[in-house]
Amino acid sequence: MPADKPLKVIYNKLLSHFGRQHWWPARTPFEVIVGAILTQNTNWSNVEKAINNLKTAVNPADRDKSIGLLTPEKLYRCKLSDLAVLIKPAGYFNIKAGRLKNFMDWFFENYDGDLERLFNKNISSLREELLSVRGIGPETADSIVLYAAEKPSFVVDAYTYRIMFRHRLIPEEITYDELKAFFEESLQSDVKLFNEYHALLVRLGKTYCKKTKPQCTICPLGDLPHD
């Protein structure tokens, strides 16, 4: 069976079972970027708490003392120590505060805090530049490209690998870039499709295809070949 066939079957089954996921839950592209960095090695509920802290905090360095730090300018001016306290619910807060500051410093040094200028880059250049920022790995970079810049770059995560491997569609030793290419070469290059597909795989991984004790008998993909 051609590689695109099982991927399309899986997508249709998941969409029929779960419905649309409306992911990424953010009001602005910049909020997506912050969330993509904070969600590393934690669950989304913790990230939401950290983002809410940023939305309601007041930076003492701001002259107008307006509420909320979730703008490029305000977050750029925020002290590293203050940022670490605010994002504490997201876990690894000192490390993640450093990663956020690394991104903000790079963003202002190279693009003056202008997202439109950054997102005018083509997919390849944008992804390469994001990966040059310390603390931004492939999954985070692709999340920013897909969900914030709205460019078709498929996001791969542990759920993607687990589901594809268990259904015998990929070898165990496949790399991130190879798995990403597997999807992008098999599917139509479409932002909405990549967005929905990734979100559905995450939902499946959390609900049925768990790391331990997977619920294969009631999984919506249970009738497909699997280990």
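Read the figures in this text as sums done on the coordinates, not as results from a lab. Given the structure is predicted, the values throughout are model-derived calculations rather than measurements. Note that we place each Cβ from the backbone using ideal geometry, even for glycine, and neighbour counts take in every protein chain shown.
Within the same chain, aspartates and glutamates fewer than 8 places from K192 are excluded, and of the rest, those with a Cα less than 12 Å from its Cα are E150. By the helix-only formula, in which each DSSP H run with n ≥ 4 contributes -39500 (n - 2.57) and the sum is divided by residues, the chain has a 222 nm mean residue ellipticity of -16500 deg cm²/dmol. Here K210 is the anchor, and the lysines within straight C-alpha reach of less than 22 Å, apart from those fewer than 8 places off in the same chain, are K8, K13, K180.
Pairwise over distinct Cα atoms, reciprocal of the mean inverse distance: report the Kirkwood radius of the chain in Å, one decimal place.
18.7 Å
Counting only aspartates and glutamates at least 8 places from K88 when in the same chain, those with an alpha carbon closer than 12 Å to its own are E48. Above 18 Å, the calculated P(r) of the stretch 29-148 contains 47 percent of its Cα-Cα pairs. Of T28, T140, the sequence from fewest to most neighbouring Cβ atoms within 10 angstrom is T28, T140.
Applying the Karplus relation 6.51 cos²θ - 1.76 cosθ + 1.60 with θ = phi - 60° to the stretch 193-203 yields 3J(HN,Hα) values of 5, 4, 4, 5, 4, 4, 4, 5, 5, 4, 4 Hz, where x marks Gly and Pro.
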